[in-house]
Structures are given as C-alpha cells and as structure tokens.
Amino acid sequence: MIYHVAVGDRTHVVELNGPKVLVDGLPCAVDFAHLEGGPIRSLIVDGVSHRISARRTGPETWDLHLRGRKIRAEAVDERTRAIRDMTGAGSGSVGPCPIVAPMPGMVMRIEVSEGDTIRAGQGVVIVEAMKMENELTAEADAIVTKVMVAEGQAVEKDQLLVDLAPIEAEENTD
C-alpha cells in the first residue's frame, strides 16, 4: 500500500509492504505502537525513538505533538490522492474543526463564548488530563456556535466541547 504523508510542509511517499517500509524510495526500519492509557504513541525510526502525542482530527488528518511542537499530518492512500487530483477535491481550505477532548479529563477553563469570532491558534478550552493542563486551540478562523460543556465538567475522549462554524457561513446568513 502506498501513502502520501504530508508532515508540516513536506510530503513523503511511504510504501508499506508487509514488514518492509520505504520512505521516498529508501528502506526504513519503523516500529509504531500505541501506549495504553492515553494518546501517546511510540515511534521508532531507524533505531531512534520518538514519543508522540497524536490526535485524529479528520479521516486522514492528525495533530501530532513532538518535543513541544504541534505538527499537522495528513496520510492519504494512492487511490484517494489520484481521485483528489482528478476532481480537484481536497484543494482549497476546509472549515474549522470542532474542538473535541483529546482524552478523558476535566474542563478547567472555557476561553470563548457563543457568538465569539476566533482566530486560528487562539485558545478555546483548557482541559486537565493526566495532571497536565492542555490548551485546545482553533485550527482556523471561526465563529463559536455552541459551547457544549461547563467549567469543572468531566469529559470523555473525543467528546465535543465547542462547535465552530466558518466565518463566511455566519456572515452570509442574514
């Protein structure tokens, strides 16, 4: 199976054939495992170990946290990429993703209200999980349509916390 994997601003061709892995045509020793009890994954590439926090944000997209940096990744199989190339799908911007809990935790602070206009990267909700406060941020400019939780509320993994709408959609509904 061949995947086109975009990590940050670079795209790599990853070919999986049983235990054999090729990245951009070069053999690569890879081991990947989900560590129980949270979003942490262990990734070993050519003998170098990496601990990654990964949160799925869409069918092919992930938010990765590696050594304090947030990185967006997208993995698309060869067939989906070919269809996108033929139809032009996948080009252009997509609307904002709703804010969901990355793991079970407690809502510590809600930094927005319904009707607020928010900018990409702006903090929306602070969730405490595993004794750490996690600031969940907007991925795109948006309007807050609904706050689904309250401060002090316990939440489950993937629970919808704040729903967002594209700014254009809200502006055109007069």
If contacts are Cα pairs under 8 angstrom and at least 6 residues apart, what is the relative contact order of the chain in percent? 16 percent
Excluding same-chain pairs closer than 8 in sequence, count the lysine pairs in the chain whose Cα atoms lie under 28 Å apart. 6
By how many degrees, 0 to 90 and rounded to 10, does the Cα axis of helix 78-87 deviate from the longest principal axis of the chain? 60 degrees
Identify, among PRO102, HIS50, ALA138, the residue whose Cα sits farthest towards the positive end of the charge dipole of the chain, taking +1 on the Cβ of Lys and Arg and -1 on the Cβ of Asp and Glu, with the dipole about the Cα centre. HIS50
Computed from the mean reciprocal separation of all distinct C-alpha pairs, what Kirkwood hydrodynamic radius does region 31-170 have, in Å? 16.6 Å
FRET efficiency estimate (nearest 0.05) - Cβ-Cβ, VAL23 to MET148, R0 45 angstrom: 0.70
Expressed to two decimals, region 99-171 has a Cα Rg over Rh, using the Kirkwood radius, of 0.97
For a paramagnetic label modelled at 7 Å from the Cα of ASP77 toward its Cβ, which residues of region 21-62 fall within the zone defined by backbone nitrogen distances under 13 Å? 60
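May I ask you to order 59-72, 16-29, 106-119 by the average number of other C-beta atoms within 10 Å around their residues, highest value first?
106-119, 59-72, 16-29
Each value in this text was obtained by applying a stated rule to the coordinates, not by laboratory testing. Just so you know, these numbers come straight off a predicted model, no measurement behind them. Every residue, glycine among them, receives a Cβ derived from its backbone with ideal geometry; neighbour counts consider all protein chains shown.
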